[in-house]
Amino acid sequence: MTALTPSTQSRSNPQPEDSASIYRTVLPNGIRLIVVENPVADIISARLFTKAGVSHEARSQAGLFSLLTSLLTKGTHSRSSMEIADQVESVGASLGSDTSADYSLISLKTVSADFANILALAADLLRHPSFPQAEIDLERRLTLQALRSMQEQPFTVAYNQLRQDLYGDQHPYALPNLGTAETVRQLDQTALIQAHQQYFRPDNLTVSIVGRITPAAAVALVEQVLGDWQAPDVALPTPELPSLQPEAACSLVPQDTQQSMVVLGYLAGSVQHPDYAALKLISTYLGNGLSSRLFVELREKRGLAYDVSAFYPTRLSTSQFVVYIGTAPENTAVAVEGLQTELKRLCDVPLTAEELQTAKNKLLGQYALGKQTNAQIAQLLGWYDVLGLGVEFDQGFPNAIAALQIEDIQRAACRCFNQGCISVVGPKPALESVAAMIAD
């Protein structure tokens, strides 16, 4: 794949500089449009991002945007759910919707000949969902089933408890995207319509299109199906997220399982935080792949882990740095100590130059591999726009990783890995061993 070179274009008829350029424009109604022309394959992928997700939910309406986005494909004022499905499947296209912490999304992929029709369909779903009561009832039942199923998954139980301990009672990041059984049961058509009217508007929308299409053609199509959509006069609601202070906590959840699941977590910087690049590299170093530090030390050398890894989600607000391990119940306390030791080591003992370079190579290689398809590029560039980073971040992030020094990693580790939370799910004797260790 050729490299992407950022370039800014005006609103009117952007002209390509070369096939690898990223074209950006803002339509008169506020829609932000990003286009990358890639003529290699006869495929076009698009993403329609609305900057509203879990972080925009009141605690009493947790799961609102998950339910809303699941219903976008279930009917509009002019199409039934079956008619929508027939139109997509008749041309072999793909069309879906989803939500995350910071955005909601409609995604589509077609051959170029069908793109205009499927984009028009996506625009109808975005603008005119009907939220049929029968579909609401069905999606609510499916969500409640999924929530019950989550209670049988030790990692999910442990991680959900960890998030609750990290974020407290008011922050929306404390709860899973699906919400809770209590809040989902209370969501109704009125709440869905109100949220749609508040947040689904052109001045809160980013459209990214990648594939065999010129920027001029993409602008014309988007203007055709979305150009007459006008933003309301009222200002966009701004979520007021509570301030967070790191506090140590330990939650032990008894469950009759064959293994214990141990999850450690720390509040960590948002995507705008100075430590963001360093923590991304630490996550790769600790938990990404068979050569990662946690895998080698805790699984290969000590035989403690069925599964072990680390992750650091990219968030607009305060994120979290998480490490976890699945282990035999009799090894639970030792596994907790092992995770804590590896995190403390990053603060106490600097990485070697070889370790730093290896982690950089792995992270940068994976970043490049994550931009192989039109769909991946459309997702990435649209997401960066929603995060307020701009498409320049596509080049800025690799540069930031390459510039990291050993002392940057150590400082970020010392700042982040202080007041952490521990969440353990497993048999009662395993939990007792952890409680005894902490008491000592």
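The values are calculated or read from the model by the stated rules, or taken from the named source; none is laboratory data. Every value quoted in this text rests on a predicted model; they were computed, and no experiment measured them. As a convention, Cβ positions derive from the backbone with ideal geometry for all residues, glycine included, and neighbour counts pool all protein chains shown.
Annotations
- Test: residue in region 239-247 that is out of contact with any helix residue (DSSP H, G or I) (no Cβ under 7 Å at 6 or more places or on another chain), crowded, with 18+ Cβ neighbours inside 10 Å and touching a residue at least 24 places away in the same chain (Cβ under 8 Å): no
- When the criteria are applied in full, Thr284 fails the requirement of being touching an Asp or Glu at 6+ places or on another chain (Cβ under 6 Å) and of a type in the set (Ser, Thr, Tyr).
Here is a yes/no grid of residues against (1) crowded, with 21+ Cβ neighbours inside 10 Å; (2) modelled with pLDDT under 95; (3) more than 26 Å from Leu264 (Cβ to Cβ); (4) β-branched (Val, Ile, Thr):
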residue	(1), (2), (3), (4)
Phe321	yes, no, no, no
Thr332	yes, no, no, yes
Val336	yes, no, no, yes
Thr352	no, no, no, yes
Gln357	no, no, yes, no
Ala378	yes, no, yes, no
Gly382	yes, no, yes, no
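- Any chance Cys421 is exposed (fewer than 15 other Cβ atoms within 10 Å of the Cβ), under 26 Å from the mean Cα position of the chain (by Cα) and modelled with pLDDT of 95 or more: no
- Qualifying residue in region 307-320 (condition: in contact with a strand residue (DSSP E or B) (Cβ under 6 Å, 6 or more places away or on another chain) and part of a helix (DSSP H, G or I)): no
- Boolean, Ile325 is of a type in the set (Val, Ile, Thr) and over 15 Å from Val424 (Cα atoms): no
- Of the residues examined, Val225 is one that is surrounded by fewer than 22 Cβ atoms within 10 Å (Cβ to Cβ), in contact with an Asp or Glu (Cβ under 9 Å, 6 or more places away or on another chain) and either closer than 30 Å to Gly420 by Cβ or at pLDDT 95 or above (or both).
- Yes/no for Tyr367 being buried (at least 20 other Cβ atoms within 10 Å of the Cβ), within 21 Å of Thr284 (Cα to Cα) and touching a helix residue (DSSP H, G or I) at 6+ places or on another chain (Cβ under 9 Å): no
- Single match in Arg79, Arg140 (criterion: more than 24 Å from Leu178 (Cβ to Cβ) and in contact (Cβ under 8 Å) with a residue 12 or more places away in the chain): Arg79
- In region 409-418, the residues that are at pLDDT 95 or above and either closer than 21 Å to Gly211 by Cβ or surrounded by fewer than 17 Cβ atoms within 10 Å (Cβ to Cβ) (or both): Arg411, Cys414
- 1 or more residues assigned by TED's automatic domain parsing to the domain that holds Gly75 and within 21 Å of Gly63 (Cβ to Cβ): qualifying helices (runs of 4 or more DSSP H) within region 141-250: 154-167, 181-186, 189-199
- Residue among Tyr159, Tyr199 that is among the aromatic types (Phe, Trp, Tyr), at pLDDT 95 or above and in contact with a His (Cβ under 9 Å, 6 or more places away or on another chain): Tyr199
- Under the condition of being over 20 Å from Leu346 (Cα atoms) and assigned to a helix (DSSP H, G or I), the residues counted in region 401-430 number 3.
- Cβ-Cβ under 6 Å pairs, at least 6 apart or on other chains, region 395-407 side closer than 18 Å to Val271 by Cβ, far side basic (Lys, Arg) and surrounded by 17 or more Cβ atoms within 10 Å (Cβ to Cβ): Ile401/Lys360
- Scanning region 431-440 for residues that are without any contact (Cβ under 8 Å) to a residue 12 or more places away in the chain and under 18 Å from Lys344 (Cβ atoms) yields one hit, Asp440.
- Among the residues of region 86-113, the ones that are touching a residue at least 12 places away in the same chain (Cβ under 8 Å) and within 17 Å of Asp124 (Cβ to Cβ) come to 14 in all.
- Within region 114-137, the set of residues being without any contact (Cβ under 8 Å) to a residue 12 or more places away in the chain and small (Gly, Ala, Ser) comprises just one member, Ala134.
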